[in-house]
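S.K.: This is the structure, below, for whatever I ask next.
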Amino acid sequence: MYIELEHLPLSIKHSILPYATMIFNYKTPLLAAIIGLGFGTGLSSCSVSSLPFLGEQPIASSASPSPAVSTSPAASVRPASPTPSPAAKPKPKSKIPLTVEKLKNTEYYILAEGPVKLTKGKFEDKKKRKFALGDPVAYGDLNRDGIKDAIAPLDITIDGRRFTYLVGVVNNGGNPKHSSAEFLGERVKVKTLSANAGKIEVKFDKYASGDPEGYPSQTISRTYTFKPFKSAEEESKDKKKGDKSKDKKPGTSQSTTNKKEKETKPSPSPTASPKN
């Protein structure tokens, strides 16, 4: 736009002439400053992304995207695992040992006639049979429960003849419980005994035919596996099996000699057992 100064009144010419000259002399820098200031102000009022490029239509601003969900293991929140409850402590095993004194004052199941209650290691029944706990006495684990049990010889004297059993006694909370018996023989003398993990080892002297009293000529070593007495149910089953076998086979008469032998000699395997 051009302003013709010659058509203006003289008073106005003289008032604006100095300013017009100054503007004209500095028009190029001044215009550049004004244009730059206006352009900068316009840019500050809008984002660069909102300005359209040449030949393209303006793109409407879309909604701001939702923040990404972190899948990092560190960012994921896991519920705290419950504190495991302490395992139940096993019951402490009995530390009360068996003693010779206890063994000499307990019950033994021998000869299938119920318990024989020793007192100070001895007992005599109505038939004048004498029972006595012998020696040596040994200690070891018979039933594999980690507690020391006991084994000892038990002598039975019948009409002057002495028979020996090897009795196994289990430690039941510090109390002796007769649980097994092995028949060793007549006129034997036990020399050594040992027991461990259900195995019993015994060494004893035995008389041979013609040996004088006090001089047995045979030394025998045997190993037994601990076999506890059968329960009442097991004995009942065995009895039923025995009755069935008798029904199948005809009975035979026994001689008088065999009857006398049964009366004077103990059975090799006692069938009496303590009540559970």
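S.K.: Looking at (1) surrounded by 14 or more Cβ atoms within 10 Å (Cβ to Cβ); (2) modelled with pLDDT under 95, which is the only condition residue 118 fails?
M.R.: In the conditions (1) surrounded by 14 or more Cβ atoms within 10 Å (Cβ to Cβ); (2) modelled with pLDDT under 95, residue 118 misses (2) alone.
S.K.: Follow-up question, since we're still on this one. Considering only residues that are under 19 Å from residue 168 (Cα atoms) and more than 29 Å from the chain's Cα centre (by Cα), look in the stretch 215-228 and name the one that is surrounded by the most Cβ atoms within 10 Å (Cβ to Cβ).
M.R.: So the first thing to find is which residues in the stretch 215-228 are under 19 Å from residue 168 (Cα atoms), and the list is 221-228.
Next, from what is left, pick out any that are more than 29 Å from the chain's Cα centre (by Cα): 221-224.
Details: 221: 10, 222: 12, 223: 9, 224: 17.
Checked the stretch 215-228; the qualifying residue surrounded by the most Cβ atoms within 10 Å (Cβ to Cβ) is 224.
S.K.: Quick one: residue 123 ticks every box in (1) exposed (fewer than 13 other Cβ atoms within 10 Å of the Cβ); (2) modelled with pLDDT of 95 or more bar one, so which box is it?
M.R.: Condition (1) is where residue 123 drops out.
S.K.: Let me ask another. Looking at the stretch 130-143, which of the residues that are in a strand (DSSP E or B) and of a type in the set (Gly, Ala, Ser) is farthest from the chain's Cα centre (by Cα)? Spell out how you get there, then give the answer.
M.R.: So in the stretch 130-143, the residues in a strand (DSSP E or B) come out as 130-133, 138-140.
Applying the additional criterion that residues be of a type in the set (Gly, Ala, Ser) yields 132, 138, 140.
On the way: 132: 43, 138: 31, 140: 24 Å.
The selected residue is 132.
S.K.: Same structure, new question: Do you know which residues across the stretch 98-115 are modelled with pLDDT of 95 or more, in a strand (DSSP E or B) and surrounded by fewer than 18 Cβ atoms within 10 Å (Cβ to Cβ)?
M.R.: The one that is modelled with pLDDT of 95 or more, in a strand (DSSP E or B) and surrounded by fewer than 18 Cβ atoms within 10 Å (Cβ to Cβ): 107.
The values are calculated or read from the model by the stated rules, or taken from the named source; none is laboratory data. In this text the structure is predicted, and so the values were computed from the model without any measurement. Glycine gets a Cβ as well: all are built from the backbone with ideal geometry, and neighbour counts include every protein chain shown.
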